[in-house]
Every structure is written in structure tokens, then in C-alpha cells.
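The values are calculated or read from the model by the stated rules, or taken from the named source; none is laboratory data. Computed from a predicted structure; not experimentally measured. Here the Cβ positions follow ideal geometry from the backbone for every residue, glycine too, while neighbour counts run over all protein chains shown. Surface areas here come from the heavy atoms of the whole protein model, side chains and all, with no ligands, DNA or RNA. Shrake-Rupley method; radii C 1.70, N 1.55, O 1.52, S 1.80 Å.
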Amino acid sequence: MSVPAELHYTEEHEWVSIAGDTATVGITDYAAQQLGDVVYVSLPAVGAAVTSGEPCGEVESTKSVSDLYSPLDGEVVEANEELDDDPGLVNAEPYGAGWMFRVRIPAGSGGEAALPPGLLTAAEYEELTKSAG
């Protein structure tokens with residue numbers, strides 16, 4: 001299982017990569033493995049407001065349907081339309097071509113995007129997945 005050190009993670013198994021005022025969101029390798037073959041992804045619409053910890057889409061696999069949670073507050077600025085045609089990218093490249101959506105996040109006090117509270121480091125996320133069995 002891969003857990004890139006430069007990303008942040010949620011307890012719901014999403015990953016976040018922040019560049020400037022934009023965050024890219026996807027599900028982790030662990031989540032993709034637990035789901036099995038992803039066959040459909042429902043993503044939030046561009047322009048939609050998302051709220052940290054709230055469901056904003058769904059990931060459907062051959063085993064089950066799971067909610068997709070937003071790891072932060074903001075406005076959706078892009079959704080990965082390639083997943084409409086090839087949802088298997090989530091399994092093949094969860095941290096690359098299988099990303100889900102991008103969110104513009106409000107600026108913090110220093111003029112940079114504020115890192116949302118509650119996100120886990122790679123080490124903390126690895127510990128979480130180990131304890132999950």
C-alpha cells in the first residue's frame with residue numbers, strides 16, 4: 001500500500017494535495033483496495049460548495065457504494081471527467097490520474113490557503129490503516 005509523504009489524509013481515506021489556494025482530492029490506495037474494482041464515481045459539480053466532513057459524492061465498486069467526503073470547505077473548481085469514462089483509474093492510479101476533484105479553499109491569515117484542521121500526516125494515516133487491520 002502506498003502512502004505518499006507529501007499528501008495529507010482524512011480518517012475517511014481521502015487524500016489532499018494543496019497547491020496555492022487549490023486542493024486536489026482523491027481516495028487513498030488503501031480505500032481503493034478495500035472497495036475493490038471501482039465501476040462508477042459520482043463527483044460534486046463545478047461551482048458547488050463543499051463542507052469539510054460532509055458527503056459530496058459516491059464511489060461505487062463491485063462490492064459496495066461508499067460516500068465520498070470533502071476533506072475541506074471550499075468551492076469545487078474542477079471535477080475529473082476522465083473518471084466518467086474510466087472509473088478504474090481510481091484503482092490504477094489513486095494518487096495520479098485517479099484524482100477526484102479540485103477545491104478552491106479560502107485564504108488563511110497569512111494570505112496562503114489555510115490547512116484544514118483534522119488532516120493526518122502520512123505517518124498518522126499509516127498508523128490508522130494498520131489499526132484498521
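Observations on the model:
- For ASP73, the amide hydrogen comes within under 5 Å of the amide hydrogens of SER52, counting only partners 5 or more places away or on other chains and with H modelled in the peptide plane.
- Extension gain for SER2 to ASP86 (0.36 nm times residue separation, less C-alpha to C-alpha distance): 28.1 nm.
- The modelled label-to-label distance for the pair TYR40/THR121, using points 7 Å beyond Cα in the direction of Cβ, is 4.1 nm.
- Carbon + sulfur, % of accessible area of the chain - ligands and nucleic acids excluded, 1.4 Å: 45
- Here Cα Rg over 2.2 N^0.38 Å was calculated from the structure, and among (i) 1.10; (ii) 0.99; (iii) 1.03 it sits at label (ii).
- Per residue, the accessible area of the chain comes to 51 Å² when a 1.4 Å probe rolls over the protein heavy atoms.
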